[in-house]
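Inspection log for the structure reproduced underneath, given as structure tokens.
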Amino acid sequence: MSDTDKPTSTPADKPASSSAGKPANNSRQKAHQLLHAVRGEINKALIGQQAVVDDVLCALLAGGHVLIEGVPGLGKTLLVRALSKVFGGEFARIQFTPDLMPSDVTGHAVFDLKSEAFHLRKGPVFTNLLLADEINRAPAKTQAALLEVMQERQVTLEGEALPVPQPFMVLATQNPIEQEGTYPLPEAELDRFMLKLAIDYPSSDDEIALVRQVTRSAQADALEVSQLRTLLQPKDVQILQKITSEIALDEQVLDYAVRLVRTTRHWPGLILGAGPRASIALVRCARARALLRGGEFVIPDDIKACAAAVLRHRVRLSAELEIAGQGLEHVLAQLIEQVDAPRL
């Protein structure tokens, strides 16, 4: 982000007035323009997954983590690689396998023969963007290595709490749990992901464009990200996150978000409802979506647009509905449709 494009955050102690509103509006406008450019840059590499790209950008703005699920070959890893190219911070990738150990993720102490002392060797989690590729290929013990860093932004090694760089975001990919060689993620870890996104097969037109672009590439079957421009630095992301947190939110919209989450706890067909962390994630994501569309405040449609991605990994379908062939997405869609939204 150049000096001319960088959004300017409004000091928190500045009184609200008409003169104070203009810098805030300018900040939001510049932030929206920058995010539009970032979205366009990522779309050069990832074709036909606009909704998924928007959701990932919302999580980045809201300071959350993302779990991306889909069958192999739909661009899960490509999306993260494209984001890492547009973002100028540190990037690390961990390929999760059945024999991966927790210390391979967080780091460990190494004995130095020369100094006859132990030295901490930091793991790949000490980065800004962390790609946890095929996270459900590793057993629960290794998956749990991410619990502390995802929630507290720190790693405890040899009794010492070490903070990770800011901003910090985990983007995990997983294959559908029905596939062979996968381990389901525990509920405690699932709840730490702000969003769970599902990448589906592209449309016919998008697949034609994808094949046309890939077959022109020098690589065998991959889209290149080397030509993407770097538009964001870590400091820029922190400024964008601050602007996002200041997007106006009416009390009626806040009440609507909480009612949506609380409804999951007694909805027919759901045997496990979402907790308060879902309400927090829903509001934070809705603020990010409002900024992404260029709005000055959150509207009920922003809440609706985020609801499925926030809830799908925090609720559990009853066995009766699974046997009847009713999918979780259908049940959530009914719930979101039937909870009354405020009219602003």
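The values are calculated or read from the model by the stated rules, or taken from the named source; none is laboratory data. Predicted model only: the values in this text are computed from it and were never measured. Cβ placement follows ideal geometry from the backbone for every residue including glycine, while neighbour counts extend to all protein chains displayed.
Scanning segment 35-52 for residues being surrounded by fewer than 20 Cβ atoms within 10 Å (Cβ to Cβ) and modelled with pLDDT of 90 or more gives a total of 5.
Condition check ((1) of a type in the set (Lys, Arg); (2) under 19 Å from Arg343 (Cβ atoms)) across all residues:
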residue: Arg259; (1), (2): yes, yes
residue: Thr264; (1), (2): no, no
residue: Phe297; (1), (2): no, yes
residue: Asp301; (1), (2): no, yes
residue: Lys304; (1), (2): yes, yes
residue: Leu311; (1), (2): no, no
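Among the residues making up segment 309-333, a single one is over 28 Å from the mean Cα position of the chain (by Cα) and crowded, with 17+ Cβ neighbours inside 10 Å: Leu321. Scanning segment 144-170 for residues that are touching a residue at least 12 places away in the same chain (Cβ under 8 Å) and of a type in the set (Val, Ile, Thr) returns Val149, Val155, Val164, Val170. Scanning segment 105-133 for residues that are touching a Gly at 6+ places or on another chain (Cβ under 8 Å) and free of Cβ contacts under 8 Å to residues at least 40 places away in the same chain gives Arg121, Gly123, Val125, Phe126.
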